[in-house]
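Presented below is the structure to which this report refers.
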Amino acid sequence: MPRKILALFAILISISLNIKAQELKLLDAKDAVTGAMQTENYLPLLEYKHVGVVANQTSIMDNGTHLIDTLLSYNIDIQCIFTPEHGFRGTADEGASIASGVDAKTGISIVSLYGKNKKPTAEQLQGIDILLFDLQDVGCRFYTYISTMTYVMEAAAENEIPVIVLDRPNPNGFYVDGPVLEKENSSFVGMHCVPIVYGLTIGEYALMVNGEQWLTAGLQCDLTVIPLGNYIRNAIYKLPVKPSPNLPNWESVYLYPSLCLFEGTDVSVGRGTDMPFQVYGHPAMTDDFVFIPRTAEGHRAPLYSDKECHGKNLTEYAHNYQNNEQKLNLSWILDARKQLKDDEKFFNNYFIKLVGIADMQQKIDSGASEDEIRSSWKSGIDNYLIIREKYLIY
């Protein structure tokens, strides 16, 4: 075989192997060693300290033991547990008021960081020497655990308390997409000028918030991130515990960044069914798939309760993840808007908070194509990627 052909053959093999190496993987979260599992790296920092822990049902070790129980087994002095949206047990519906109280198992005080008290007060932090943060994020700007982390870091900086973040895999960490939030649209479902899908672990995100001085008045906290072991960024991670009531499996977590846009409309995303964030529909849509939302735990008042909704089941789309483009899927909301073109209440006031920009609703209403909408995001994403690069650990 002539040398040129051999060389060309070798190049093609190399390209083929490289493409194969870049294929999106579906992994179990246990394939990565979480920060929580690396006790040797943070227990010495907690010894002889009064500790506050930010935790919920996702704060578990690889054997299923809760972080709180593990810390107590090492005689760590836990003064208080702070808990985010959905509560310490993770069963409260989105937006539900979470009361503070006492953990029945350990007798440790629990302070809710959701509702009116989103940021720990100086009084609540009194007597605490160090804060340990361990929550499972899903990699979307509007998922409120990163907002809770921001407020914890800010309160810690104001009260000169060090913060340790135990890193966990980002199940949607394999891509970056969506409009970058405009500062005037900041809220608890979007505090920072980042895209909807930001492509960082929660530990990396903490480094970015601190490093870019995004805390109030440019404060920076004394921050330590305990990194992951064996983390692969180009992977979907199956989480061992659902991060919130309506994200029950990896398919819902994978579809969540795109389907959550419907939360700013009058289209159901399947809350009140056994497939939340895997389906979408509306009583007036004409698709073949049918579902009926019902009231249940974690679905206290689902949209269109007891009404027949017509729409799409996207479970098979999720299962086809290796062939899907790694980006937000706008075709679903564009199709729904087209079907419901006469619906004057299609969008609600929440939509701008979710997308973070003022003009996307108008673009959709005017019939703009997905490419036209995406083109308006490009410069913002390009600028964000420059910032993001500084904080990548993996």
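Take segment 43-73 and flag every residue that is of a type in the set (A, V, I, L, M), under 12 Å from PRO240 (Cα atoms) and touching a helix residue (DSSP H, G or I) at 6+ places or on another chain (Cβ under 6 Å).
Listed by number, the list holds a single entry, MET61.
Quick one: what pairs do we get from segment 139-165, first residue of a type in the set (Ser, Thr, Tyr), second assigned to a helix (DSSP H, G or I) and surrounded by fewer than 24 Cβ atoms within 10 Å (Cβ to Cβ), C-beta under 6 Å, 6+ apart or different chains?
THR150/VAL209
So, of the residues in segment 103-132 that are modelled with pLDDT under 95 and of a type in the set (Lys, Arg), which turns out to be nearest to GLY178 (Cα to Cα)?
Top of the filtered list is LYS116.
Would you be able to say whether some residue in segment 79-102 is farther than 22 Å from LYS118 by Cβ and at pLDDT 95 or above?
No.
Give me the residue from segment 24-44 that is surrounded by 10 or more Cβ atoms within 10 Å (Cβ to Cβ) and either assigned to a helix (DSSP H, G or I) or charged (D, E, K, R) (or both) and, out of that set, modelled with the lowest pLDDT.
Within segment 24-44, the subset surrounded by 10 or more Cβ atoms within 10 Å (Cβ to Cβ) is 24-39, 41-43.
Pick out the ones that are also either assigned to a helix (DSSP H, G or I) or charged (D, E, K, R) (or both) and you get 25, 28-31, 39, 41, 43.
Values: LYS25: 97, ASP28: 96, ALA29: 93, LYS30: 90, ASP31: 94, THR39: 98, ASN41: 98, LEU43: 98.
Once the filter is applied, the top-ranked residue is LYS30.
Among the residues in segment 136-147, are any within 11 Å of the chain's Cα centre (by Cα), among the acidic types (Asp, Glu), buried (at least 24 other Cβ atoms within 10 Å of the Cβ) and closer than 26 Å to LEU46 by Cα?
We begin by selecting, within segment 136-147, every residue within 11 Å of the chain's Cα centre (by Cα); these are 136-147.
Applying the additional criterion that residues be among the acidic types (Asp, Glu) yields 137.
If we keep only those that are buried (at least 24 other Cβ atoms within 10 Å of the Cβ) as well, we get 137.
Remaining after also requiring closer than 26 Å to LEU46 by Cα: 137.
Yes: segment 136-147 contains one or more residues that are within 11 Å of the chain's Cα centre (by Cα), among the acidic types (Asp, Glu), buried (at least 24 other Cβ atoms within 10 Å of the Cβ) and closer than 26 Å to LEU46 by Cα.
Does segment 133-147 include one or more residues that are assigned by TED's automatic domain parsing to the domain that holds GLU85, modelled with pLDDT of 95 or more, under 16 Å from CYS221 (Cβ atoms) and in a helix (DSSP H, G or I)?
yes
Does TYR394 count as under 23 Å from GLU204 (Cβ atoms), touching a Phe, Trp or Tyr at 6+ places or on another chain (Cβ under 7 Å) and outside the structural domain of TYR256 (by TED's automatic domain parsing)?
Answer is yes for this residue.
Identify, from the list LEU219, LEU200, the residue that is under 13 Å from the mean Cα position of the chain (by Cα) and of a type outside the set (Val, Ile, Thr).
LEU200
Considering only segment 198-218, I want to know if a residue exists there that is among the small types (Gly, Ala, Ser) and free of Cβ contacts under 8 Å to residues at least 40 places away in the same chain.
yes
Of everything in segment 306-326, what is without any contact (Cβ under 8 Å) to a residue 60 or more places away in the chain and surrounded by fewer than 16 Cβ atoms within 10 Å (Cβ to Cβ)? Give them in sequence order.
ASP306, LYS307, GLU308, GLU316, ASN320, ASN323, ASN324, GLU325
So, in segment 170-189, how many residues would count as being over 13 Å from ARG233 (Cα atoms) and either under 11 Å from the mean Cα position of the chain (by Cα) or of a type in the set (Asp, Glu) (or both)?
4
Just to confirm my filter: which strands (runs of 3 or more DSSP E) fall fully inside segment 169-283 and include at least 1 residues that are closer than 23 Å to GLN38 by Cα?
The qualifying strands (runs of 3 or more DSSP E) are 223-226, 235-238.
Could you list, in sequence order, all residues of segment 304-314 that are outside any strand (DSSP E or B) and charged (D, E, K, R)?
Once the filter is applied, which keeps residues that are outside any strand (DSSP E or B) and charged (D, E, K, R), segment 304-314 yields ASP306, LYS307, GLU308.
Can we say ILE333 is in contact with a helix residue (DSSP H, G or I) (Cβ under 6 Å, 6 or more places away or on another chain), crowded, with 18+ Cβ neighbours inside 10 Å and over 30 Å from GLU23 (Cβ atoms)?
no
The values are calculated or read from the model by the stated rules, or taken from the named source; none is laboratory data. Please read these numbers as outputs of a predicted model, since none were measured by experiment. So basically every Cβ, Gly included, is an ideal-geometry build from the backbone, and we count neighbours across all protein chains shown.
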